[in-house]
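Nothing in this text is a laboratory measurement; each read-out follows from the coordinates by a stated rule. These figures come from a predicted structure and were not determined experimentally. All Cβ positions, even for glycine, are placed from backbone atoms using ideal geometry, and neighbour counts span all protein chains on display.
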Amino acid sequence: MSLKDAVVLVTGASRGIGRAIALAFAREGACVVAAGRDPALLATLETALREQHPQSWTAARDLTEPDACEQLVESIVTRHGRLDILVNNAGIATAAPVEHIRLDDWRRLLTINVEVPLRLTQQALPVMRRQRSGRIINIASDAALRGIGGMSAYCASKHALLGLGRAVNEELRGTPVRLTTLCPGPVTTGIMGPGNPDAMAPEDVAAAAVLAAGLSDRSFVAEMLLQPTRLG
């Protein structure tokens, strides 16, 4: 898919991986809609995005609110007439032994990490089917492929996101729409605590997202595990 002038929605774009992904697509000439919950950080991001594509914009939204996902996709299609790429990046983590997980924390984590991507995918797919083109990229984690002690809720959510992507790709067989699940290992975002000196940079994940979205229609990346290169 050509990324020049493609309309790209990136969630969780205020900081970290989401911000890096938004900027990476903008540098490829895409029109980026960057959604997040921090208006101040989004304001500085919007300036940077518009330097690359003047029609880019940001949306300060809490996507867990009723109808927020539906309204965001509708506003993009109304404004641009299409939605070419959806990047479901927004996510949170919580650490606690399994017997001490609070149900309120469990529900909030699953809402943000799994339900919001589901709702956005439900809104994006009809648009992409009509266009006869589209890419969805879900940012999971290597926690989708293994267990991490003290992170059972986070691991469960990322396993769920990976399973969702696999099932959606089965439903998309025979269509020009594709879904990629990226599973990065440690990234220097602080989401899971103090930084790991061997961790990847957010820009490394962004490069993988751009690569997956930019492949021709003859192939696609269903899943990609990203791991840091440890030297010495």
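Brief remarks on what is shown
- Counted residues, segment 105-123 - those being over 20 Å from residue 184 (Cα atoms), surrounded by 15 or more Cβ atoms within 10 Å (Cβ to Cβ) and of a type in the set (S, T, N, Q): 3
- Applying the condition of being crowded, with 16+ Cβ neighbours inside 10 Å and out of contact with any strand residue (DSSP E or B) (no Cβ under 9 Å at 6 or more places or on another chain) to segment 69-104 and asking which residue is nearest to residue 20 (Cα to Cα) yields 69.
- Across segment 95-110, the qualifying residues are those that are not in a helix (DSSP H, G or I) and not hydrophobic (A, V, I, L, M, F, W, C), and the one among them that is nearest to residue 148 (Cα to Cα) is 97.
- Every test in (1) in contact (Cβ under 8 Å) with a residue 40 or more places away in the chain; (2) under 22 Å from residue 34 (Cβ atoms) is passed by residue 200 save one, and that test is (1).
- Test result for residue 60, surrounded by 22 or more Cβ atoms within 10 Å (Cβ to Cβ) and under 19 Å from the mean Cα position of the chain (by Cα): no
- Residue check: residue 28 meets all listed conditions (1) in contact with a strand residue (DSSP E or B) (Cβ under 6 Å, 6 or more places away or on another chain); (2) closer than 28 Å to residue 219 by Cβ but one, namely (1).
- All of 136, 148, 92 fail the test of being among the β-branched types (Val, Ile, Thr), outside any helix (DSSP H, G or I), within 17 Å of the chain's Cα centre (by Cα) and farther than 17 Å from residue 9 by Cβ, apart from 92.
- From 160, 156, 143, 167, residue being part of a helix (DSSP H, G or I) and within 15 Å of residue 221 (Cα to Cα): 167
- Tally of residues being more than 14 Å from residue 137 (Cβ to Cβ), among the hydrophobic types (A, V, I, L, M, F, W, C) and in a helix (DSSP H, G or I) across segment 1-59: 9
- Scanning segment 209-232 for residues that are of a type in the set (D, E, K, R) and either farther than 20 Å from residue 166 by Cα or surrounded by 17 or more Cβ atoms within 10 Å (Cβ to Cβ) (or both) turns up 223, 230.
- Some residue of segment 186-194 being of a type in the set (Gly, Ala, Ser) and under 15 Å from the mean Cα position of the chain (by Cα): no
- Among the residues making up segment 24-50, those that are surrounded by 23 or more Cβ atoms within 10 Å (Cβ to Cβ) and hydrophobic (A, V, I, L, M, F, W, C) are 24, 25, 26, 30, 31, 32, 33, 34, 35, 42, 45, 49.
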